[in-house]
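The structure under discussion appears below in the form of C-alpha cells.
No value in this document is a laboratory result; all are computed from the given coordinates. Since we're looking at a predicted model, the values are computed, not measured. Quick reminder, even Gly has a Cβ in these numbers, built from the backbone with ideal geometry, and neighbours come from all protein chains shown.
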Amino acid sequence: MRDELEHIARIDRYISGEMSNEEAESFEQEIEGNDALKEEVDFYDKIREGISRQVIKLDIKKAQYRFVKARKKAVRLRRLIYGGGSLLLMVVAVLVTTLPGEESEEKFIHQIFDKEDTEVEEDSFKQYLPESEFFEVPPDKDTTITSSDGLKVHIPKGAFIRPNGKRVKDPINIELAADQGMDDLVLGNLGVDNSADPLESAQVLYFNATENGQALAINDALPPYIEVPTDSVKPGMQVYNGKRSKTGEMDWYAPRLPDNFLKPVAFKYLDFLPKGFEKKVQAGLPYKNHSTTSRELLDSLFYSLATGAEFGPGLGSSKFRLGKSPNASEQMLISEADARNNEAARRLLAEAEPDAQFEPMDSTEAPAVTFDNILTSSTGPCGVAPQLIQTIRQDKFERSLLATREFEERLPAIYKTCDEKVLNLYVEHTEKNLWELDAMAADYLGKKEQASVFRNFSRQKLTNVPNSHIYSALIAKDFEKDLKAFEKEHSKKRKTYEKALQKSTKKAEKKIEQLAKEYYKVTTKRVKTRMKAYGFKVKTMGWKNIARVIEGPSYTPPPLKVSIAQNVKFDHQHAYFSVPGLNVIGQLNRVNANQFMMNEHRIMNLPRHNADEIQLIGIGYIGKDIYLKVITHPADQSGEISLTLEKTEEGKARQILKSLSGKSKAHSLITALDYQKEFYKDQQRRKKLRKEAALIVALNRLAFPCCQNSHEYIDTAVDFEAPELESGDNALWTEYETTSSKLKTKKGIEVILPNGKKKYITEEDEPALYKKYYEMFKNGETELKK
Amino acid sequence: MTDATIIEELSKGNHKEPLDLLYKYFPTIQKMVVTHGGKEEDAYDIFQDALMVLIEKAKTESFELTSSIKTYLYSVCKYKLYDKNRKDRSLSFTENVPDFLDDDTEEDLGLLQEMEKKFEIVDEILANLGQKCVDILKRFYHFKESMDTIANELGYANVNTVKTQKYKCLERARKMATGFGSIE
C-alpha cells in the first residue's frame, strides 16, 4: 500500500506542476516509455480538472442565484410601488430605488397618485405558479407516478388516511407541480430567502392528495416518497417544508438533513466480487477468447464457479481411490478417470494402496486432487454461492438496501464468514435498518472472530434506503424464485459445458490416437526399410514393435550431439538425418526440447556405419513460419554440433525437405513433420485446457477459501520431456507418451514360413507356440525342421 | 473592478466578486435571446456556458482579451444561441453567420463543447463516487489544501488515513471509468 500511495503522490506532484524541471523531464521520459503510466497520469489529471470544473460551475450558479435574488427584490419593490401602500413608503422607495430606465419620472409619479383601484391582489404571483399535473391512484395498491418532467412519486398502499384517521376507500387524486427553472422561482415568488446564506434550489414542488375533493393526510408510518431527477448530486441538500401566505410570501422552514440515509447506487458501480478476484482473472489471461477483463467476463466467471451444491453432497458420480498427495504426506482421493488418463495420477495411486479398488466416496473421507479431469470431482457446498450474488444484482433490486455502497462494504466480511446464512440475513430482512441487520449478523456469529466486525458495522447506526418497504416486499416475493431460476440455469449451463467439453476432448483424443497409430506404422516401416537398406541384422528382443529376430555384429559409432541454437524461441523443433544415397531418413533421439543425439548403441544410428556422409536437418516452427538448416556431416565423426536455423519460405523449405527425403511415405520428411505439427497442435490444446482449468481452480479457491475440499490442481508437465531413448524413431510428444499405453504392443516372434510369408507369434495370443519358438531361438535353432 | 482585474481574479480562482459584477450584463443578453425567439430560461444556461468559457480561458496564460468582457460574453452567447438554432431550428436569425462570428469566439466555444464532451464521463463518475470522496478530492486538487488540513476539517484520524482514503477513491473512480471504456 505504501508504494501505491507514493506512486500517486508522485503523479500528483507532476500534474500540479510541483516537480522541478529536471524531475518533470525525467518523469515525462518515463511516461513516454510506459503506456500504462501514461494512461494513469491522464486519468488523474482528468479527475483533477473535472473536480475544478464542478467547483467553477457551482460558483457560477451561486452568482446566478444572488443575481436573481437581488432582481426579485427589485421586482417586488416595483410592484409595491405600483400597487399602492403608504405614501411615505412609496416616496422613500421612489428616492432610493433604481427605476427602470425606460420609465420617465412624470409617468411614474402619475401612476403613484392615480385614483384607480390599486389594492394589492391577495397573491399577485399566483398566475405565475407552475402548472399542476393530476393523477388518479388506487388506495389499495403500491403505485408510482411519473410527471412529465421525470419527477417520480412512490405511493405505497395506505400512504394516505382521511382526516378522521380512517382508511381511504375511493381513488386518490394527486396534484403535482414543479418549478421549471429560475423564472418560476422568481415570478412565482417561490425562492428561498429566509436564510442568512444564499440557498440553491434543486427543485420546488407542490404535492397534494384528495379523495372526492376532500383533503387527505399522510400516514406517517408509510409516507410517499418523491424522487427528484437531477444532473448531479449536490452535497448538503436538505428538504424544507413551505408555507405560502395569502399575499404569496413563501416561508421555508424545518429543513431536515437525512443523517445516515442510504443512497442506492446502480449495481454497475458496485463491486460484489470476492477480494482479489479481478486481479486473479487478469493474471490468468488470455482465457478462451478473452484477452482483457470486462464486467461481463468477471461476472460470467464468478457465476460459473461451483460450490458443488448442484452435484449434491459428496463427490459426484465418479469413483475414487486413496492416493498419496503430491504435495503433502497425507492421502488424497484420485478419480478413476484421472487414473485412466494420467501417468502422474497412476504413480500417486501406486505409492499409496496399489491393490485398492475404485469406489464412490464421500467428500468427508479426504480432500480430492484432480488432474486433467477437473469436472469429475467436486466439493460439497461451502462458502457463499455465486448465484446468490447473481440474484441480488438484478435491475429490479437496484433501489434496495442491497444496492448501496454500505452493503458493498460489508460483502468482504460476509464472504469471510464462508456462511451463506449471514448473507441471507441481509437479503431476507431488507425492510430493517442496516445497523439492525449488522447486529443480527453479529448475534448469529456468536463467539466467532468475525462477529466483532459486524458489531462495529452496527455501531455506524446506518438506516435504510427510501421506501425500503416497497423493495423488501419485492425481494421477498421474487428472490427465492429468481435464485432457483439462476441455479437451474447455472446447472443446465454447466452440464451443457461439461458435455461439450467431454465431446470435444473425446473427439480430439480419438483423432490424436488415430494419428499416433498411423505415425507408429509410418515410423515402424521407416525403421524396417532403413534396416534393409543398411543390410544389417540386429537383435531386437525387448522392442516395443514386432520385428525380425536376427543376429548381427555390434557396432558402436561415437556419439553425435546436435543442438538447435536458441537465438529465437521456437514453438517446436526437431532434428532428422537423411542418407540420400540410400533414400532413407531417421529422427534423431531427443534429449530435451532443443537437443538431440545419435547414440552410439542405438540401432537407429546405423547410417553412420553404412554411409560416408549424412545430412543433418534441423527444423523449427514459429506459428506458420519455418526455420531450416541442413548440413553435411561425415558419418564417422562424433562431437557436438549447433545448428542455427534460418527462416525459409515455405515453398523453398518443402523443396529442400523433399530433395532430402526417400521415395516412400515412411521416408518423407514432409510427412514426418506434418505428424509432428499435429502432435504439437494437440499439445497446445491440452496446454490451453490445463491453463483454463488451473484458472478456474484458483478462482474457486479464492471464492471459497473455507472449503475443506477445495481443489488442488496438479499441473502435469506440459513442456516437452525426453522420451524413453529406445523409442528412437517412435519418439512422440511427451503427453502422448503417457497415453500411448492406449496403444497395444505385444511381445512376440516373427516367423518366416517356407512359402516366404511372415507370421507373428505373440506371447499373449499363442503362449504355447511362442514358448516353443523362443526356446528354439535360445538354443540357436533358427530354422524349423518341419 | 476593471476588465483586466476581473480576468486576473478569475485566473487566480477568486470567482465571487468578478461573477457578481459580470451578471450585470445578463439582462442585455437575455434580451438578445428573447429577441431572437429564444426562451428566457435558455438565457440563463447560455450565459452560464459563456462564463465557463471565460473562466477556462482566463486560466490559460496565452489569453488576451481583445475587446471588452461584455462584448466577449455577448459574442459567445450569440454564437451559442446560433448553434442552438441550428440544432433546434426554432429560433430566428436574420444575420448571416459571418457577420457576428468571431474566429476566436468560435474557437473558444468549440473548446467548451469539446471539454463538455470530454468531461461527461468524469462528471458521471464524480456524481457516483460518494460525498466523502468528492470532498477529499475537491479539497486536495482544487483548493490545494494540505493533507493535515483535510484530516482536521473532515475528522480523519491522521494524514495517512486521508491518503489511504484518497487512494481508494481514485481506484474506485478508475474502476468506474473502465466500465465506460476510455475517457479519452
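Would you please give the residues with an amide H less than 5 Å from that of A:Ile172, counting only those at least 5 places away or on a separate chain, with H modeled from the backbone geometry?
It is A:Val137, by chain and number.
Based on the mean of other Cβ atoms within 10 Å per residue, sort peptides A:413-420, B:36-43 so the most packed one is first.
Most protected by this proxy first, the peptides run A:413-420, B:36-43.
On a 24 Å Cα-Cα criterion, which of the cross-link pairs A:Lys69/B:Lys80; B:Lys16/B:Lys163; A:Lys629/A:Lys652 come out too long?
Pairs exceeding 24 Å: A:Lys69/B:Lys80; B:Lys16/B:Lys163.
Just report the Cα centroid separation between the range B:1-18 and the range A:464-501, whole Å.
So the separation of the two Cα centres works out to 58 Å.
Taking beta carbons within 10 Å but only from partner chains, what does the mean come to for residues B:120-133?
Mean number of neighbouring Cβ atoms from other chains: 5.
So what J values fall out for the range A:20-37 if you push phi through Karplus, 6.51 cos²θ - 1.76 cosθ + 1.60 with θ = phi - 60°, rounded to Hz, Gly and Pro as x?
The phi angles translate into 5, 4, 5, 4, 5, 4, 5, 5, 5, 5, 4, 5, 4, x, 9, 4, 5, 5 Hz.
Need the list of lysines near A:Lys157 for cross-linking: C-alpha distance under 21 angstrom, and skip anything on the same chain fewer than eight residues off.
Output for A:Lys157: A:Lys141, A:Lys166, A:Lys169, A:Lys396, A:Lys432, A:Lys477.
So which lysines pass the test for A:Lys771, namely a Cα distance under 16 Å, with those fewer than 8 places away in the same chain ruled out?
Within reach: A:Lys746, A:Lys747, A:Lys759.
Using modelled backbone amide H atoms (1.01 Å from N, in-plane), which distant-in-sequence or interchain residues come within less than 5 Å of A:Val591's amide H?
A:Phe596, A:Met597
Report ³J(HN,Hα) in whole Hz for each residue of the range B:68-74, in order, from the Karplus equation J = 6.51 cos²θ - 1.76 cosθ + 1.60 where θ = phi - 60°; Gly and Pro get x.
6, 4, 4, 5, 4, 5, 4
For the range A:660-671, what does the Karplus curve 6.51 cos²θ - 1.76 cosθ + 1.60, with θ = phi - 60°, yield as ³J(HN,Hα) per residue in whole Hz, taken in order and with x for Gly and Pro?
8, 8, x, 7, 8, 5, 5, 10, 9, 5, 5, 4
Counting only residues 5 or more places away or on other chains, whose amide H sits under 5 Å from the amide H of A:Ala565 once H atoms are built in the peptide plane?
A:Leu643, A:Thr644, A:Leu645
What's the local net charge at A:Glu480, with K and R +1, D and E -1, over the other residues with C-beta under 13 Å away?
0
Shielding of B:151-164 by partners, i.e. mean partner chain Cβ atoms within 10 Å per residue?
The mean count of partner-chain Cβ atoms within 10 Å per residue comes to 1.
Given N residues in the range A:399-462, what is its alpha carbon radius of gyration divided by 2.2 N^0.38 Å?
0.98
Among A:505-513, A:452-460, B:74-82, B:120-128, what's the highest-first ranking by average C-beta atoms within 10 angstrom per residue?
Top of the packing list down: B:74-82, B:120-128, A:452-460, A:505-513.
Please go through the residue pairs A:Lys511/A:Lys691; A:Lys57/B:Lys57; A:Lys280/A:Lys569; A:Lys46/B:Lys78 and name each one whose alpha carbons sit more than 19 Å apart in this structure.
Over 19 Å Cα-Cα: A:Lys511/A:Lys691; A:Lys280/A:Lys569; A:Lys46/B:Lys78.
Across peptide A:673-683, what mean number of C-beta atoms from other chains lies inside 10 Å of a residue's C-beta?
Partner Cβ neighbours, averaged per residue: 0.
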